[in-house]
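A short write-up of the structure that comes next.
The values are calculated or read from the model by the stated rules, or taken from the named source; none is laboratory data. Values in this document were obtained by computation on a predicted structure and should not be read as measured data. With ideal geometry, Cβ positions are generated from the backbone for all residues, glycine too; neighbour counts draw on all protein chains shown.
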Amino acid sequence: MSLFSNPELSAERAFAESIAISVRPLFRRIANVGAAFARIRERARAMNELARMTDSELNDLGLARSDLPHLFDANFQATRGF
């Protein structure tokens, strides 16, 4: 007798598979949120490092202190050639 020939076990397996299929999008969203937080933390680290630099060091990178709030803006990056 096969394990899946038992109707009760087959129903339980079908139920378990339907649950697994229905929670996959939730897990993807959780992963996306986690990745977004990781990007935010990485940007914060970069901003903190740049904020600790002197104006001369920023100038060596081609930046002014007033550029810092705009560094992660796509339009700013395009105009500055980043």
Condition set of a type in the set (Ser, Thr, Tyr) and at pLDDT below 95, scope the range 32-82, selection farthest from the chain's Cα centre (by Cα): answer is SER66
Under 7 Å between Cβ atoms, at least 6 apart or on separate chains: pull out the pairs that start in the range 32-47 with a residue that is surrounded by 10 or more Cβ atoms within 10 Å (Cβ to Cβ) and end on any residue that is not in a helix (DSSP H, G or I). ARG43/PHE72
What do you reckon, is PHE27 part of a helix (DSSP H, G or I), out of contact with any helix residue (DSSP H, G or I) (no Cβ under 6 Å at 6 or more places or on another chain), over 30 Å from HIS70 (Cα atoms) and at pLDDT 90 or above? yes
